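A short write-up of the structure that comes next.
Computed from the coordinates by the stated procedures, all read-outs in this text should not be read as laboratory data. Only a predicted model underlies this, so the values are computations on that prediction, with no experimental measurement involved. Note that we place each Cβ from the backbone using ideal geometry, even for glycine, and neighbour counts take in every protein chain shown.
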DNA sequence: GTTGAATAATACGAACTACGTATTAAACTG
DNA sequence: CAGTTTAATACGTAGTTCGTATTATTCAAC
């Protein structure tokens, strides 16, 4: 396969520059906004209930202590609870609280609205094509 | 125009989730990595040589003092110089140094490589279609 | 079974960032 | 020329990341 042309690359650069500015998500809840990593943690814990800080740290490639601080913040905020499972009493099992679940739900809803806005300018047929291309790009194993 | 279907939105969400993880840029230079805002400032100053901190703050929607600190960091690092124009001696005119120019050039180069990687999985014809769609989405005035 | 190594997590401190308030200096305004 | 506005910085506070040290628990070997 030939390489992308310089024109294609330059146009993509320009489009993505605007794109990244335009499609930026506000924080879902009230009060002080969460740090980026905190939001990632909430989504990860929702998908992996009962996981531990070590899993989270490995998954995001940050230091364990960072996750410890972050889960501490989230627990204080009432979004996360740390349970000591009887099976291994060193470990903690992370779970979303009701508030945490609401928060992540609201954030996911906001994402969906944003994705709808992305697709809005395209025709129904173009939307399928676009989504297929994004999927192709994302799942490509180079 | 009808709304995007739930399927389309869900597929896009899944694709962009992977997309955002995969296409993440490492820091261009050596030494301690720059803060995000610092990199944005370098690109802005390159595009608007002689601009002042106030312009930059307005452009990015952050506090003036944040830009003051940031330009201070960048100046200490040798990426930026602050000149006092004779015309208005309150103002400072920001300019990239040679090192600053090199840094931004390296970062832009890294972006281009990333954009090439994005387009690589698509056929030449698809690339045009994809770039056109991204442009359409970015420039849409809803 | 007890001792020693490995593992899970936290406590604490150092380095850094963002930003609000106060301050300095220069340029307008009447 | 006094008062206000404007541009920027100094300084302090709050918050984040992460490295090192510490605590508690489990595993391994003898």
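Taking the label point as lying 7 angstrom from Cα along the Cα-to-Cβ axis, what are the distances from residue A:129 to the corresponding position in the remaining copies, in ascending order and in nanometres?
Once sorted, the set of distances for residue A:129 reads 0.5 nm.
Between copies, how far does the label point of residue B:64 sit from its twins, in nm, shortest first, when each point is 7 Å from Cα along Cα→Cβ?
Here the equivalent label points are 4.7 nm apart from this one.
State the extension gain, in nm to one decimal, for the chain segment bounded by residue B:136 and residue B:123, taking 0.36 nm per residue of separation less the distance between their alpha-carbons.
Gain on extension, residue B:136 to residue B:123, equals 2.7 nm.
When chain A is modelled as a GNM with alpha-carbon springs shorter than 10 Å, which of A:33, A:49, A:121 fluctuates the most?
Highest fluctuation of the listed residues: A:121.
Copy-to-copy spacing for residue A:30, label 7 Å out on the Cα-to-C-beta vector, in nm, shortest first?
Output for residue A:30: 5.2 nm, nearest copy listed first.
Rounded to two decimals, what ratio of Rg to Rh does the stretch B:60-142 give with C-alpha atoms and a Kirkwood Rh?
With Rg and the Kirkwood Rh in hand, the quotient comes to 1.18.
Mean-square fluctuation check for chain A, GNM, Cα pairs under 10 Å: which of A:79, A:23, A:130 is largest?
Result: A:130 has the largest fluctuation of those listed.
Can you pull the Rg over Rh of chain B, Cα-only, Kirkwood?
That ratio equals 1.08.
Please say if the protein assembly as shown is rounded, prolate or oblate, where rounded means a/c under 1.5 for a ≥ b ≥ c the square roots of the C-alpha gyration tensor eigenvalues, and otherwise the choice is prolate for a/b larger than b/c and oblate otherwise?
The shape class here is oblate.
Please give the calculated 222 nm ellipticity per residue for chain B, where each DSSP H segment of at least 4 residues contributes -39500 (n - 2.57) and the sum is spread over every residue; nearest 500 deg cm²/dmol?
For chain B, the value works out to -20000 deg cm²/dmol.
Could you check the simple spin-label distance between residue A:95 and residue A:82, using points 7 Å along Cα→Cβ, in nm with one decimal?
1.6
If I take R0 = 22 Å and measure r between the Cβ atoms of residue A:58 and residue B:18 in this structure, what FRET efficiency does the formula 1/(1 + (r/R0)^6) give, to the nearest 0.05?
0.75
For chain A, find the longest principal axis of its Cα atoms and tell me its angle to the long axis of helix A:124-139, 0 to 90°, nearest 10.
Roughly 60 degrees, rounded to the nearest 10.
Pick from A:122, A:83, A:42: which is most flexible by mean-square fluctuation in a GNM of chain A where alpha carbon atoms under 10 Å apart are linked?
A:122
Relative contact order of the stretch A:1-116: what whole-number percent is it, with Cα pairs under 8 angstrom and at least 6 residues apart?
Relative contact order here is 28 percent.
Expressed as a whole number of Å, what is the distance separating the alpha-carbon centroids of the stretch B:65-95 and the stretch A:23-87?
Comparing the Cα centres of the stretch A:23-87 and the stretch B:65-95, I get a distance of 38 Å.
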